[in-house]
Amino acid sequence: MTPGQTQCADEGFSLVEALASLVVVGMIGLMLVQGVTTGRRVWERIDSREAHGEALEAAQTTLRDRIEQIYPATLYDKSPPYIDFKGSAEQLTFLANPPVSERPAAIRRYTLALDTATNLVLTSISDVPPPEQAPVTRQVLLRGVRQLDVAYFGAAQPDFTRRWRPVWTDESALPEAVRVRLTFEPGDQRQWPDLISRPRVTIDAACMLNNVTHHCKGRV
(Lines give C-alpha, C1' and ligand atoms only; values in the text may rest on other atoms or scores of the structure.)
Protein backbone atom coordinates (compact mmCIF):
# COMPACT_ATOMS: atom_id res chain seq x y z
CA MET A 1 0.00 0.00 0.00
CA THR A 2 1.42 3.36 -1.01
CA PRO A 3 1.50 6.36 1.33
CA GLY A 4 -1.15 8.08 -0.83
CA GLN A 5 -3.57 5.17 -0.42
CA THR A 6 -3.03 5.17 3.35
CA GLN A 7 -3.89 8.87 3.53
CA CYS A 8 -7.16 8.36 1.57
CA ALA A 9 -8.20 5.51 3.86
CA ASP A 10 -7.59 7.64 6.95
CA GLU A 11 -9.60 10.53 5.50
CA GLY A 12 -12.53 8.24 4.65
CA PHE A 13 -12.65 6.83 8.16
CA SER A 14 -12.65 10.30 9.68
CA LEU A 15 -15.62 11.35 7.51
CA VAL A 16 -17.70 8.33 8.50
CA GLU A 17 -16.88 8.92 12.13
CA ALA A 18 -17.97 12.54 11.85
CA LEU A 19 -21.26 11.55 10.21
CA ALA A 20 -21.92 8.98 12.91
CA SER A 21 -21.20 11.56 15.59
CA LEU A 22 -23.63 14.01 13.96
CA VAL A 23 -26.33 11.34 13.88
CA VAL A 24 -25.79 10.54 17.57
CA VAL A 25 -25.84 14.23 18.50
CA GLY A 26 -28.99 14.71 16.45
CA MET A 27 -30.72 11.80 18.19
CA ILE A 28 -29.71 13.13 21.59
CA GLY A 29 -31.02 16.58 20.68
CA LEU A 30 -34.30 15.09 19.44
CA MET A 31 -34.74 13.14 22.67
CA LEU A 32 -34.03 16.25 24.71
CA VAL A 33 -36.60 18.26 22.76
CA GLN A 34 -39.18 15.49 23.14
CA GLY A 35 -38.44 15.28 26.85
CA VAL A 36 -38.88 19.03 27.29
CA THR A 37 -42.11 18.97 25.27
CA THR A 38 -43.48 16.04 27.25
CA GLY A 39 -42.56 17.70 30.52
CA ARG A 40 -44.22 20.93 29.48
CA ARG A 41 -47.41 19.07 28.55
CA VAL A 42 -47.39 17.26 31.89
CA TRP A 43 -47.00 20.53 33.77
CA GLU A 44 -49.74 22.12 31.67
CA ARG A 45 -52.10 19.29 32.55
CA ILE A 46 -51.17 19.60 36.22
CA ASP A 47 -51.73 23.37 36.11
CA SER A 48 -55.07 22.85 34.37
CA ARG A 49 -56.23 20.34 36.99
CA GLU A 50 -55.13 22.65 39.79
CA ALA A 51 -56.98 25.58 38.20
CA HIS A 52 -60.15 23.50 37.81
CA GLY A 53 -59.83 22.30 41.40
CA GLU A 54 -59.43 25.84 42.69
CA ALA A 55 -62.47 27.00 40.68
CA LEU A 56 -64.60 24.17 42.08
CA GLU A 57 -63.45 24.90 45.61
CA ALA A 58 -64.14 28.62 45.23
CA ALA A 59 -67.65 27.94 43.87
CA GLN A 60 -68.46 25.56 46.72
CA THR A 61 -67.15 28.03 49.30
CA THR A 62 -69.25 30.86 47.87
CA LEU A 63 -72.44 28.81 47.70
CA ARG A 64 -71.96 27.34 51.17
CA ASP A 65 -71.49 30.80 52.64
CA ARG A 66 -74.56 32.22 50.87
CA ILE A 67 -76.82 29.28 51.80
CA GLU A 68 -75.72 29.41 55.43
CA GLN A 69 -76.58 33.14 55.45
CA ILE A 70 -80.14 32.69 54.09
CA TYR A 71 -82.53 34.95 55.96
CA PRO A 72 -86.08 33.60 56.57
CA ALA A 73 -88.12 36.77 56.02
CA THR A 74 -91.80 36.12 56.73
CA LEU A 75 -94.46 37.31 54.27
CA TYR A 76 -98.08 37.83 55.27
CA ASP A 77 -99.76 38.61 51.94
CA LYS A 78 -101.26 35.11 51.91
CA SER A 79 -102.68 32.81 54.51
CA PRO A 80 -100.94 31.06 56.12
CA PRO A 81 -97.78 33.23 56.26
CA TYR A 82 -94.78 31.87 54.39
CA ILE A 83 -91.03 32.35 54.07
CA ASP A 84 -89.63 34.50 51.24
CA PHE A 85 -87.80 31.57 49.64
CA LYS A 86 -88.39 29.93 46.25
CA GLY A 87 -86.58 26.78 45.33
CA SER A 88 -86.92 24.42 42.39
CA ALA A 89 -84.57 21.83 40.91
CA GLU A 90 -83.26 24.34 38.31
CA GLN A 91 -83.26 27.60 40.29
CA LEU A 92 -82.98 28.93 43.82
CA THR A 93 -84.01 32.41 45.00
CA PHE A 94 -83.47 33.59 48.57
CA LEU A 95 -82.61 36.53 50.82
CA ALA A 96 -79.26 36.82 52.54
CA ASN A 97 -76.90 39.38 53.99
CA PRO A 98 -74.11 40.46 51.62
CA PRO A 99 -70.62 38.98 52.06
CA VAL A 100 -68.49 40.43 54.83
CA SER A 101 -66.36 42.30 52.28
CA GLU A 102 -69.45 44.24 51.11
CA ARG A 103 -70.85 45.20 54.51
CA PRO A 104 -72.41 47.32 55.82
CA ALA A 105 -75.10 47.02 53.17
CA ALA A 106 -78.75 46.11 52.81
CA ILE A 107 -79.96 42.55 52.60
CA ARG A 108 -79.80 41.16 49.05
CA ARG A 109 -81.97 38.85 46.96
CA TYR A 110 -79.90 36.09 45.39
CA THR A 111 -80.70 33.79 42.47
CA LEU A 112 -78.71 30.69 41.57
CA ALA A 113 -79.29 29.25 38.08
CA LEU A 114 -77.69 28.25 34.78
CA ASP A 115 -77.65 30.79 31.96
CA THR A 116 -78.02 30.03 28.25
CA ALA A 117 -74.24 29.65 27.92
CA THR A 118 -74.16 26.80 30.51
CA ASN A 119 -72.57 29.00 33.16
CA LEU A 120 -73.47 28.56 36.82
CA VAL A 121 -74.37 32.10 37.82
CA LEU A 122 -75.19 33.70 41.15
CA THR A 123 -76.96 37.06 40.71
CA SER A 124 -78.02 39.41 43.47
CA ILE A 125 -79.82 42.70 43.90
CA SER A 126 -80.53 44.88 46.90
CA ASP A 127 -83.90 44.06 48.47
CA VAL A 128 -84.42 47.66 49.54
CA PRO A 129 -87.06 49.33 47.29
CA PRO A 130 -87.17 50.53 44.62
CA PRO A 131 -85.51 47.44 43.03
CA GLU A 132 -85.57 48.92 39.51
CA GLN A 133 -82.93 51.42 40.59
CA ALA A 134 -80.64 48.89 42.27
CA PRO A 135 -77.68 47.52 40.29
CA VAL A 136 -77.58 43.79 39.66
CA THR A 137 -74.44 41.88 40.61
CA ARG A 138 -73.66 38.87 38.42
CA GLN A 139 -71.04 36.33 39.48
CA VAL A 140 -70.08 33.41 37.22
CA LEU A 141 -69.16 30.58 39.57
CA LEU A 142 -68.38 27.88 36.97
CA ARG A 143 -68.45 27.50 33.20
CA GLY A 144 -69.44 24.50 31.10
CA VAL A 145 -72.08 23.13 33.49
CA ARG A 146 -74.51 20.77 31.81
CA GLN A 147 -77.15 20.51 34.53
CA LEU A 148 -78.00 22.07 37.88
CA ASP A 149 -79.99 19.95 40.35
CA VAL A 150 -81.01 21.54 43.65
CA ALA A 151 -82.86 19.59 46.35
CA TYR A 152 -84.31 20.59 49.72
CA PHE A 153 -84.55 18.53 52.90
CA GLY A 154 -87.28 18.95 55.48
CA ALA A 155 -90.93 18.53 56.34
CA ALA A 156 -93.18 20.35 53.87
CA GLN A 157 -96.48 20.14 52.06
CA PRO A 158 -98.37 17.93 51.38
CA ASP A 159 -97.11 15.07 53.56
CA PHE A 160 -94.97 17.01 56.08
CA THR A 161 -92.42 14.20 56.29
CA ARG A 162 -88.70 14.90 56.53
CA ARG A 163 -87.19 13.97 53.15
CA TRP A 164 -85.42 15.41 50.12
CA ARG A 165 -87.71 17.38 47.79
CA PRO A 166 -87.24 18.94 44.31
CA VAL A 167 -89.34 22.03 45.21
CA TRP A 168 -89.56 24.28 48.26
CA THR A 169 -91.89 27.26 47.81
CA ASP A 170 -94.40 29.10 50.01
CA GLU A 171 -93.48 27.06 53.06
CA SER A 172 -93.75 28.27 56.66
CA ALA A 173 -90.06 27.59 57.32
CA LEU A 174 -86.78 27.22 55.49
CA PRO A 175 -85.59 23.75 54.50
CA GLU A 176 -83.30 22.08 56.99
CA ALA A 177 -80.66 21.64 54.31
CA VAL A 178 -80.03 22.50 50.65
CA ARG A 179 -78.17 20.20 48.27
CA VAL A 180 -76.52 21.51 45.10
CA ARG A 181 -75.55 18.89 42.53
CA LEU A 182 -73.85 19.67 39.18
CA THR A 183 -73.33 17.60 36.03
CA PHE A 184 -70.65 18.49 33.48
CA GLU A 185 -70.44 17.74 29.77
CA PRO A 186 -69.26 14.26 28.68
CA GLY A 187 -65.47 14.09 28.71
CA ASP A 188 -65.15 16.86 31.30
CA GLN A 189 -62.86 15.51 34.03
CA ARG A 190 -64.10 17.89 36.72
CA GLN A 191 -65.84 16.30 39.70
CA TRP A 192 -68.30 18.21 41.88
CA PRO A 193 -68.96 16.63 45.29
CA ASP A 194 -72.55 17.19 46.39
CA LEU A 195 -72.70 20.45 48.31
CA ILE A 196 -75.02 20.11 51.32
CA SER A 197 -75.40 23.18 53.49
CA ARG A 198 -77.76 24.24 56.28
CA PRO A 199 -79.18 27.74 56.82
CA ARG A 200 -77.98 29.07 60.17
CA VAL A 201 -81.13 31.09 60.91
CA THR A 202 -84.55 29.42 60.91
CA ILE A 203 -86.76 32.04 62.58
CA ASP A 204 -87.52 35.56 61.37
CA ALA A 205 -86.77 37.13 64.74
CA ALA A 206 -86.74 40.65 63.26
CA CYS A 207 -90.38 40.48 62.15
CA MET A 208 -92.73 42.72 64.12
CA LEU A 209 -96.20 42.14 62.70
CA ASN A 210 -98.30 45.19 61.80
CA ASN A 211 -101.89 44.26 62.64
CA VAL A 212 -103.27 46.69 60.03
CA THR A 213 -101.16 45.73 56.98
CA HIS A 214 -100.45 42.17 58.14
CA HIS A 215 -96.83 42.66 57.08
CA CYS A 216 -93.67 42.92 59.11
CA LYS A 217 -93.16 46.51 60.20
CA GLY A 218 -90.89 48.41 57.84
CA ARG A 219 -91.44 45.95 54.97
CA VAL A 220 -93.54 46.29 51.87
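The values are calculated or read from the model by the stated rules, or taken from the named source; none is laboratory data. This is a predicted model, so every value here is computed, not measured. Virtual Cβ from ideal backbone geometry, glycine too; neighbours counted across all protein chains shown.
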Could we say that Arg163 is in contact with a strand residue (DSSP E or B) (Cβ under 6 Å, 6 or more places away or on another chain), free of Cβ contacts under 8 Å to residues at least 60 places away in the same chain and not hydrophobic (A, V, I, L, M, F, W, C) here?
no
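Conditions (1) modelled with pLDDT of 90 or more; (2) among the hydroxyl-bearing types (Ser, Thr, Tyr); (3) surrounded by 13 or more Cβ atoms within 10 Å (Cβ to Cβ), marked per residue:
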| site | (1), (2), (3) |
| --- | --- |
| Ser88 | yes, yes, yes |
| Leu92 | yes, no, yes |
| Glu102 | no, no, no |
| Thr111 | yes, yes, yes |
Breaking point among (1) in a loop (DSSP other than H, G, I, E, B); (2) small (Gly, Ala, Ser); (3) surrounded by 16 or more Cβ atoms within 10 Å (Cβ to Cβ), for Ser124:
(1)
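To keep it simple, each residue is scored yes or no on (1) touching a helix residue (DSSP H, G or I) at 6+ places or on another chain (Cβ under 9 Å); (2) at pLDDT below 95.
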{"residue": "Val121", "(1), (2)": "no, no"}
{"residue": "Ile125", "(1), (2)": "yes, yes"}
{"residue": "Pro130", "(1), (2)": "no, yes"}
{"residue": "Ala134", "(1), (2)": "no, yes"}
{"residue": "Leu142", "(1), (2)": "yes, no"}
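Conditions (1) more than 30 Å from Gln147 (Cα to Cα); (2) at pLDDT 80 or above, marked per residue:
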position	(1), (2)
Ser14	yes, no
Gly39	yes, no
Tyr71	no, yes
Leu75	yes, yes
Ala96	no, yes
What do you reckon, is Pro98 crowded, with 17+ Cβ neighbours inside 10 Å, in contact with a Phe, Trp or Tyr (Cβ under 8 Å, 6 or more places away or on another chain) and either assigned to a loop (DSSP other than H, G, I, E, B) or not acidic (Asp, Glu) (or both)?
no
Members of region 118-173 found to be under 17 Å from Lys86 (Cα atoms) and either charged (D, E, K, R) or touching a Gly at 6+ places or on another chain (Cβ under 8 Å) (or both), listed by number
Asp127, Asp149, Val150, Tyr152, Arg165, Val167, Trp168, Thr169, Asp170, Glu171, Ala173
Count of residues meeting criterion [in contact (Cβ under 8 Å) with a residue 60 or more places away in the chain and either more than 17 Å from Arg64 (Cβ to Cβ) or touching a Lys or Arg at 6+ places or on another chain (Cβ under 7 Å) (or both)] in region 123-149
2
